[in-house]
Amino acid sequence: MAHPNDPAAPAAPAPERQATFKSAVSTSGIALHTGNRVKLTLKPAVAGSGIRFRRTDLPGSPEIQAHVRNVTDTRRGTTIQENGAAVHTVEHLLAAMNALGLDNAVVEMAGAEPPVGDGSAQLFVDLIREAGIVEQDVPREFITLDRPYWYSQGETHVVALPDSVFRISCTVKYNATILDTQYLSLVLDEKSFIEQLQLARTFCLFHEIEYLIKNNLIRGGSLDNAVVIKGDAILSKDGLRYPDEFVRHKMLDMAGDFFLLGKRLKAHLIGIKPGHPANVELARRIAGLVA
Ligand SMILES: [Zn+2]
């Protein structure tokens with residue numbers, strides 16, 4: 001790579017532009033928590049409009065802006081709600097859109113939750129690539145930090161430090177399981193997301209499943225779309241996709257949850273045993289919604 005002061009270095013790159021889908025594409029599949037089959041369509045949207053979900057199964061097809069101010073539940077996935085309508089488990093689709101460079105899109109859903117796919121972001125990456133991406137004639141805006149932000153709750157700590165890129169560093173550890181402490185740090189972009197995060201699947205601890213079933217949260221769940229950790233065993237259809245698949249999935253979730261800021265974040269996110277509640281609390285602080 002050329003040094004910035006090298007006289008032969010290329011001129012500074014043109015400012016990044018906003019982007020949307022080139023064409024509309026659809027898919028359908030089972031939703032994790034409701035267990036219902038749902039159709040999802042990705043559509044282009046005008047510059048400056050951000051990511052909007054549209055519930056085509058409800059009267060008037062109400063829209064829900066993908067913004068942290070609209071988050072109403074973070075118990076398993078991240079739920080957003082606006083105009084009397086909710087969409088659940090938006091984080092994997094948002095993570096793929098964040099990494100692949102979408103700024104503006106309409107996500108039509110004939111149901112309350114996107115298809116789960118295999119519990120990773122692969123379904124959405126494939127769908128976004130099928131739709132194609134086109135640049136728009138408007139500069140991309142970023143959120144940058146002038147000071148650190150943080151949120152702590154018990155053993156969970158999430159921190160956002162000023163940085164010139166979107167960097168995620170994450171550590172997870174689950175007591176009473178065979179899992180060693182897992183740690184990974186990367187600069188999030190399309191390449192790192194595709195190579196290191198997109199295949200990491202949703203996981204849960206066996207003792208959590210009873211709670212989830214009682215609360216009707218995983219009616220579409222199976223070993224087709226999640227990994228279950230039971231004491232010293234890992235229940236999975238095809239083993240683990242990465243030795244440290246769990247920390248990678250936590251980072252995938254962070255890439256999605258922090259895209260709810262509505263613009264790309266340039267910051268170093270540090271997650272120690274992070275989860276949706278802490279991610280969203282920190283995003284609320286960055287957005288100035290809470291002190
Ligand atoms: Zn997830």
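Each value in this text was obtained by applying a stated rule to the coordinates, not by laboratory testing. Since we're looking at a predicted model, the values are computed, not measured. Neighbour counts are summed over all protein chains in view; Cβ atoms, including those assigned to glycine, are modelled from backbone coordinates with ideal geometry.
A few comments on the model shown:
- Residue in region 219-232 that is within 14 Å of the ligand (Cβ to nearest atom), part of a loop (DSSP other than H, G, I, E, B) and in contact with an Asp or Glu (Cβ under 7 Å, 6 or more places away or on another chain) present: yes
- You will find that of Gly35, Gly48, Gly29, the residue that is under 28 Å from Asp126 (Cβ atoms) and assigned to a strand (DSSP E or B) is Gly29 and no other.
- Residue within region 267-274 that is closer than 18 Å to Thr202 by Cβ, more than 20 Å from the chain's Cα centre (by Cα) and part of a strand (DSSP E or B) present: no
- In region 93-122, the qualifying residues are those that are among the β-branched types (Val, Ile, Thr) and farther than 25 Å from Phe246 by Cα, and the one that is nearest to the ligand (Cβ to nearest atom) is Val107.
- Within region 123-175, if we keep just the residues that are assigned to a strand (DSSP E or B) and within 16 Å of the ligand (Cβ to nearest atom), the residue that is nearest to Ala95 (Cα to Cα) turns out to be Ile168.
- Count - residues of region 80-92 that are within 13 Å of the ligand (Cβ to nearest atom) and outside any helix (DSSP H, G or I): 3
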